[in-house]
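Student: Right, I'll just put the structure down here and ask away after.
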Amino acid sequence: MSIDIAPAWWTSAVVYQIYPRSFADSTGDGIGDLGGIRGKLDYLQELGVDVVWLSPIYRSPQADNGYDISDYRDIDPLFGSLAEFDLLLAEAHARGIKIVMDLVVNHTSDEHAWFEESRGSLTNPKRDWYVWRDGVDGREPNLWRSMFGGPAWKLDAATGQYYLHLFAVKQPDLNWENREVRSAVYEMMNWWLDRGVDGFRMDVINLIAKVQSDLVGDSPGFVMGDQVHDYLQEMNREVFAGRDADLITVGETPGATVDDAIRFTSSDRLELDMVFQFEHVGLDHGPRTKFDNVPLKLVDLKRSLGRWQSGLAESGWNSLYFGNHDQPRSVSRFGDDGQFRFESATLLAAILHLHRGTPYVYQGDEIGMTNAGFTTIEQYQDIESLNYYNEEVAAGASPADVLASLAFRSRDNARTPVQWDASPGAGFTTGTPWLAITPNHTTINVAADRAAGLRSIFEFYRRLIALRHESPVVALGDFEMLEPEHPTLYAFTRSLGAETLLVVGNFSSEGLELPLSADGEPVIGNYPQGEDVAGELRPWEVRVVWRG
Ligand code: TEU
């Protein structure tokens, strides 16, 4: 690989995602807030992360926990105020931590002033800011389904037209074909950047471009319009051009292929720095819905991630993630959250962080938090989970079966409060938490993990993050997958110049005989050093060595 220009700073950076309502509550109302985040900046600095991405904190009716925004230029009072946000920004920057905002501009809340005007009348100047169509034969304009169940269109009685909502009814899609909409978004982005934020994570940004001819007729489902690339290039010219190079943009792009990602992220195209792709988190989804579980085969995971590694090797850049606020907890999904929780959480961390790309740590993963273990529908709050339950039960499914699906796939699994200590409020709140705290917080919590010495998952993450900072091989080295057909071994090398790093991990609770030599100078591993068993990996063992 030849590097003729200085690599971007984010090639050696690690991002930490905060889901504010579940991170830390400083007021006792049971909901996390900006004061809570400020109180944990030392913790994040110790972990060593470079960037914090905040899930939405804007003013919002909270129909989708803030992904339904009613005012892009204010902080929801649940979380604090603009003044407190400025404090957070200054205190984070003082510690060398950047702050990235979630940018949700495929849709707004139906309570946003823009939509209230738009729905007012057929002739309102903002009518065309959203996607309005007449019905066809007394029903919706096309056959699209909302991501959260039901048709993607809602009839608005006042004007007799339907508006498009790819997500909840309360999340009407903006019409990006309209130049005024785009300008209003760019102006708002500039306003935040002028305030000092360091970039944006762009929610479902590939969905902003609709194929116009699909909007009426029998188009069965959304397909990304090619204009998305024009929009992003325009955004670059109007927002990012001329600003310093320390910013970061990451687009969330469900359904994007490797080829799409190359177009989004090749540096010469001036669109995005990187995207979140979804292929590897769909491998265990059933054909009908994501709530049908198909046991994941490690060879499929390796084939998928390996293809993204080689696909973006020459141009473009990967983001690396196993979990976020929409996915189950990674240790419960890909590891063993019982007997081998420490081993599998650290194995997953090492595998992820040593791929080529920018790793994203989801809050709580750094202490191996697990799925929620909810058993009744009353425990759930997530709109997707509740809609799914109601639809399935209405269609005749047994509630117990639906609850079993939610227990492994619901987004609420990752949204339970961060477990800071063993106290009744888990150190998260002194009040009643908005979503139940996982009972295992009495043993799985930050305080216990930090006291666990060699078995601290936090400490293992801290070392991996430091390794990326220090080692050009980790940041930039070429990736090569080894033993792709092995059912339980995940093995690869990273190499740069004369240096090669070898990573071998055992994705099973049984011992594994190594089909390759893992000799070399130890870098990091999750079993006590010096006790390696030659030619063998113990349950969920990961071993990383420099190869001479
Ligand atoms: O998610 C978009 C998305 O496509 C999925 O991750 C989705 O949340 C779900 O898993 C579909 O089954 C983004 C946000 O991350 C999510 O929290 C929001 O609900 C959604 O957009 C709408 O803004």
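Student: Using Cα centres only, tell me the gap between segment 331-350 and segment 433-467 in whole Å.
Tutor: 12 Å
Student: Find the centroid of the Cα atoms in segment 112-157 and in segment 291-323, then give the distance between the two in whole Å.
Tutor: One Cα centre to the other: 36 Å.
Student: Which whole-Hz couplings ³J(HN,Hα) result when phi for each residue of segment 37-54 is put into the Karplus expression 6.51 cos²θ - 1.76 cosθ + 1.60, θ = phi - 60°, listed in order with x for Gly and Pro?
Tutor: These are the phi-based 3J(HN,Hα) values: 5, 4, x, 10, 5, 5, 4, 5, 5, 5, 4, x, 5, 8, 9, 10, 9, 9 Hz.
Student: Moving on to the next point. Which residues make up the longest stretch of the chain clear of GluC sites (Glu not before Pro) that lie in a DSSP loop with no more than 11 other Cβ atoms within 10 Å, not counting the sites?
Tutor: 1-313
Student: Over the chain, give the accessible area per residue in Å² for a 1.4 Å probe, as an integer.
Tutor: Values: 20400 Å² over 548 residues.
Dividing the accessible area of the chain by its residue count gives 37 Å².
Student: Right, another one. What value, in deg cm²/dmol to 500, does the helix sum -39500 (n - 2.57) over DSSP H runs of n ≥ 4 give at 222 nm once divided by the residues of the chain?
Tutor: Values: 15 runs with 144 residues, N = 548.
Counting only the DSSP helices, I get -7500 deg cm²/dmol.
Student: Ignoring everything but the protein chains, give the 1.4 Å probe accessible area of residue 50 in square angstrom, nearest 10.
Tutor: 40 Å²
Student: Just report the Cα centroid separation between segment 364-424 and segment 166-184, whole Å.
Tutor: 30 Å
Student: Ignoring any ligand, DNA or RNA, what whole percent of the accessible area of the chain comes from carbon and sulfur when the probe is 1.4 angstrom? Provide the component values of the computation, followed by the final result.
Tutor: Details: 10390 of 20400 Å².
Carbon with sulfur: 51 percent of the solvent-accessible area.
Student: A further question follows. About the Cα centre of segment 477-547, what is the dipole size in debye to 20, counting +1 per Lys and Arg Cβ and -1 per Asp and Glu Cβ, all else neutral?
Tutor: Working: 4 positive and 13 negative charges, 35 e Å.
The calculation lands at about 160 debye.
Student: Oh, and also: Within segment 216-316, which trypsin sites (Lys or Arg not before Pro) sit in a loop by DSSP and count at most 10 neighbouring Cβ atoms inside 10 Å?
Tutor: 288
Student: Ranking request for peptides 203-213, 320-330, 431-441: highest mean number of other beta-carbon atoms within 10 Å first, then the rest in descending order. Display every interim value, and only then the final one.
Tutor: Values: 203-213: 20.1, 320-330: 22.9, 431-441: 17.8.
In descending order of packing, they fall as 320-330, 203-213, 431-441.
Student: Further question: With a bin width of 20 angstrom, please list the P(r) values of the chain as percents of all Cα-Cα pairs, from the 0 bin to the one holding the largest distance.
Tutor: 21, 56, 22, 1
Student: Right, something else. Does segment 477-547 come out rounded, prolate or oblate, given a ≥ b ≥ c as the square roots of the eigenvalues of its C-alpha gyration tensor, rounded meaning a/c under 1.5 and, failing that, prolate meaning a/b above b/c?
Tutor: Oblate.
Student: Near the amide H of residue 482, under 5 Å away, which other amide H atoms are found, from residues 5 or more places off or on another chain, if H is placed in the peptide plane?
Tutor: The answer is 491, 492, 493.
Student: Multiplying the sequence separation of residue 476 and residue 73 by 0.36 nm and subtracting their Cα-Cα distance, what value in nm do you get?
Tutor: Working: separation 403, 0.36 × 403 = 145.08 nm, distance 3.73 nm.
Taking 0.36 nm per residue and subtracting the Cα distance, the gain is 141.4 nm.
The values are calculated or read from the model by the stated rules, or taken from the named source; none is laboratory data. Owing to the predicted nature of the structure, the values given are computational and were not obtained by experimental measurement. Here Cβ is always computed from backbone atoms with ideal geometry, including for glycine, and neighbour counts include all displayed protein chains. Protein only, heavy atoms only, side chains kept; ligands, DNA and RNA dropped before computing areas. Shrake-Rupley method; radii C 1.70, N 1.55, O 1.52, S 1.80 Å.
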